[in-house]
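Read the structure below first, then the notes.
Where a number appears in this text, it was derived from the coordinates with a stated rule and is not lab data. None of these values were measured; they are calculated from a predicted model. FYI the Cβ positions are ideal-geometry reconstructions off the backbone, even for glycines, and counts take in every protein chain you see.
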Amino acid sequence: MKSFEALDARGKAVLLRVDLNTSLVNGEPQDSPRFTQAGEVIRLLARRGAKVVVIAHQGRPGGDDFSSLEKHAVLLSRHAKKKVKFVPDLFSPTTLEKIRGLGEGKILLLENSRFYSEESAEGIDYSKTLLVKSLSSVADCFVNDAFSASHRSQATVTGFPQLLPSYAGPHLAEEVDFLSRLRDSAEKPVVYCLGGAKVAECFNVAEYAFSNGAAQSLLASGVFGELLFLASGKDLGLKREWLEKKGFLKHSERARRLWDGHKDDIALPIDFAFADDEGFRVETRDASTAPKPVFDIGGETLNLFKRYLKDAKTVFVKGPAGRYEEPPFELGTKTLFKLVSSSKAFTVVGGGDSGAALEKLGFKEKDFGHVCTAGGAMLDFLTGKELPGLVALENNAIEPKQKPDSEVAGAEAAGSAVAGVEASGAETV
Ligand code: 3PG
């Protein structure tokens, strides 16, 4: 991949793909580390004299969080410490004109790329879409700093590298470095702490890690840990009923196979916590007779996990140990994170749920070796899948043009090449 450091950005129109996808509360985009990272890379480019054109998405068509990026621009301006001007479409003639006229160090944020059907159309050559052709005609190069969207084969991720010199953004490169180290060359013993309720993801990661020697031990908690606990032949009483009602028992067979194949390398919870009628935390070794369903691991389990973590050279954490959002059940996740953050091992925390848990429980990014901002992309990477966005950058063989005096004339000519089709640039899904 072409490195960001090699990009001579002065005077160049740079298409910058970032990931600003976030949760919306009453229509307001919520701040997240993704905005911090986008702000950083924008500042770097603006300082180098680039004309920065930011491209991002929010939500999926039809979803409640499928919205305009207008409010994202306000949040992004705060992080970039510079005005980020919102443009209410993606590649209309007016927008292309604005990009042509953009000054050095100035920043535009274009509208949600997923408003345009070409972005996610399947089975097409993105380099031939109006979206990619039009924007490429007014830009000098492309930077992908959206690792967390790079598992998607979509126009704004994989299209531009077919037409423009394309660079790996600094945060994308950092994610790839940390996750490659974790997956391929981590110092052993490697301990995976997998929890939470996204159990299919946990199974994918655990199965890959064991079959490829990427992890030596697995500390299981959350719903994932409870399924393995049941697979080991023990009972969880009311919690088993709860798991059944919520549909989690459909994973029982997978849990049994994982347990049977790797029981010597898996540490299961040995005690649990429930809340009594007054809402106070009660710990028990026998969840099968607990008067309420259990929603956290107990202190003895944490002591067991501590022994594994003491010797670990690498630790990966995905998902909370229990229902940390509720005070009686935050102890397991909080203590586990504390143990990991104070470990001398190389530590990586990933997955959307873990990020939210870190924030809620008062941990900072700097408490860990690396906190991954990606969800699906991280999982695909850690389970050995190719990420289309990374492949597109790796295959990019287009070298940057030297832009002498004829710069303006050249840009005009390129712009008019698509002028006939620009009018449809405002088409939305
Ligand atoms: C994410 O939030 O994980 C990325 O923005 C990708 O979003 P998607 O799963 O809707 O493609």
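Annotation: extensible slack from ALA200 through SER23 equals 61.5 nm (criterion: 0.36 nm per residue apart, minus Cα-Cα distance). Treating each Cα of region 175-382 as an identical point scatterer and summing with the Debye formula, the log10 of I(q)/I(0) at q = 0.13, 0.18 Å⁻¹ comes to -0.65, -1.28. Look at the dipole of region 175-382 built from charges on Cβ: of LEU339, GLY319, ALA197, the Cα furthest out on the positive end belongs to LEU339. Each Lys and Arg adds +1 at its Cβ and each Asp and Glu adds -1 at its Cβ; summed about the Cα centre, region 66-211 shows a dipole of about 560 debye. Close amide H contacts of ARG152 (hydrogens built in the peptide plane, cut-off under 5 Å, sequence separation of 5 or more or a different chain): GLY389. The average projected area of region 1-142, computed from the convex hull of its Cα atoms over all directions, is 8.5 nm².
Here the Karplus curve 6.51 cos²θ - 1.76 cosθ + 1.60, taken at θ = phi - 60°, turns the phi angles of region 61-71 into couplings of x, x, x, 5, 9, 8, 9, 5, 9, 4, 6 Hz, with x standing for Gly and Pro. The distance separating the Cα centre of region 298-373 from that of region 223-246 comes to 22 Å. Distance between the modelled labels on LYS292 and LYS344, one decimal in nanometres: 4.1 nm (7 Å Cα→Cβ projection). Placing +1 on the Cβ of every Lys and Arg and -1 on the Cβ of every Asp and Glu, with no other charges, gives the chain a dipole of roughly 800 debye about its Cα centre.
Taking other C-beta atoms within 10 Å as the exposure proxy, ILE266, ILE55 rank ILE266, ILE55 from fewest upward. Each residue of region 247-260 was assigned a 3J(HN,Hα) from its phi angle through the Karplus curve 6.51 cos²θ - 1.76 cosθ + 1.60 (θ = phi - 60°); the sequence is x, 6, 6, 5, 8, 4, 5, 5, 5, 5, 5, 5, 5, 4 Hz, with glycine and proline shown as x. Mean residue ellipticity, 222 nm, helices only, the chain: the sum of -39500 (n - 2.57) across DSSP H runs of n ≥ 4, divided by residue count and rounded to 500, is -11500 deg cm²/dmol. Calculated FRET efficiency, GLU241 to GLU394, Cβ-Cβ distance, R0 = 56 Å: about 0.70 to the nearest 0.05. When the chain is treated as a Gaussian network with alpha carbon springs shorter than 10 Å, the biggest mean-square fluctuation among THR158, THR36, THR289 belongs to THR289. When the alpha carbon gyration tensor of region 179-289 is reduced to an equivalent ellipsoid, its three semi-axes come out at 27, 15, 12 angstrom, largest first. The relative contact order of the chain, computed from alpha carbon pairs under 8 Å that lie at least 6 residues apart in sequence, is 18 percent. For region 127-229, the relative contact order comes to 23 percent (Cα pairs under 8 Å, sequence separation of at least 6).
Largest mean-square fluctuation among GLU244, GLU70, GLU394, in a Gaussian network model of the chain whose springs join Cα atoms under 10 Å apart, belongs to GLU244. To one decimal place, what orientation-averaged projected area in nm² is obtained for the convex hull of the Cα set of the chain? Taking the Cα atoms of the chain, their convex hull projects to 21.3 nm² on average.
Here the label points at LYS313 and SER3, each 7 Å from Cα along the C-beta direction, are separated by 2.6 nm in the simple model. Between ASP264 and GLU325, what FRET efficiency comes out of the Förster formula 1/(1 + (r/R0)^6) with R0 = 35 Å and r the beta carbon distance, rounded to 0.05? Efficiency, rounded to the nearest 0.05: 0.55. With θ taken as phi - 60° and the Karplus curve 6.51 cos²θ - 1.76 cosθ + 1.60 applied, the whole-hertz 3J(HN,Hα) list for region 125-142 is 8, 4, 5, 9, 6, 4, 4, 6, 5, 5, 5, 5, 5, 10, 10, 9, 7, 10 Hz, x standing for glycine and proline.
Taking packing as the residue-averaged number of other Cβ atoms within 10 angstrom, the listed peptides 323-329, 345-351 run from highest to lowest as 345-351, 323-329.
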